[in-house]
């Protein structure tokens, strides 16, 4: 039966490493380019970053999760590879990719 049992798409874990320091980890099975079109997915990821950094007090329901520049996701799958493209072909609004 579909979704029986329901499976998580995101989860967290806190652990203590050998140094004795406690760390926080967030994992999700979401995050494809088309997933990022959904404001809820973007909000989940940004909130997770704040949580992992211990900045829980800065998580707010009205945080800006809009894109910086234009975002045109491509579908994932087979047969979409385009030869000859390089990172500089994806410059958006004067922003350059990380070097």
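The values are calculated or read from the model by the stated rules, or taken from the named source; none is laboratory data. The model shown is predicted, which means the values in this text are computed figures rather than measured ones. Glycine gets a Cβ as well: all are built from the backbone with ideal geometry, and neighbour counts include every protein chain shown.
Confirm whether residue 66 is in contact with a helix residue (DSSP H, G or I) (Cβ under 9 Å, 6 or more places away or on another chain) and under 24 Å from residue 90 (Cα atoms). For residue 66, the condition - in contact with a helix residue (DSSP H, G or I) (Cβ under 9 Å, 6 or more places away or on another chain) and under 24 Å from residue 90 (Cα atoms) - is met. Every test in (1) over 21 Å from residue 14 (Cβ atoms); (2) loosely packed, with under 15 Cβ neighbours inside 10 Å; (3) within 15 Å of the chain's Cα centre (by Cα) is passed by residue 62 save one, and that test is (3). Is there a residue being part of a loop (DSSP other than H, G, I, E, B) and either touching a residue at least 40 places away in the same chain (Cβ under 8 Å) or on the phi > 0 side of the Ramachandran plot (or both) anywhere in the range 52-66? Within the range 52-66, one or more residues are part of a loop (DSSP other than H, G, I, E, B) and either touching a residue at least 40 places away in the same chain (Cβ under 8 Å) or on the phi > 0 side of the Ramachandran plot (or both).
Residues in the range 19-45 that are more than 14 Å from residue 73 (Cα to Cα) and not in a helix (DSSP H, G or I): 19, 20, 21, 22, 23, 24, 25, 26, 27, 28, 29, 30.
Go through 85, 63 for me and flag whichever is under 30 Å from residue 21 (Cβ atoms) and modelled with pLDDT under 95. It would help to see each step written out before you state the result.
On the way: 85 fails: under 30 Å from residue 21 (Cβ atoms).
Criteria check complete, one pass: 63.
Restricting attention to the range 15-33, the residues being under 20 Å from residue 55 (Cβ atoms) and surrounded by 10 or more Cβ atoms within 10 Å (Cβ to Cβ) number 7. On the basis of being more than 25 Å from residue 24 (Cα to Cα), surrounded by 10 or more Cβ atoms within 10 Å (Cβ to Cβ) and free of Cβ contacts under 8 Å to residues at least 40 places away in the same chain, does residue 90 make the cut? When the stated conditions are applied, residue 90 passes them.
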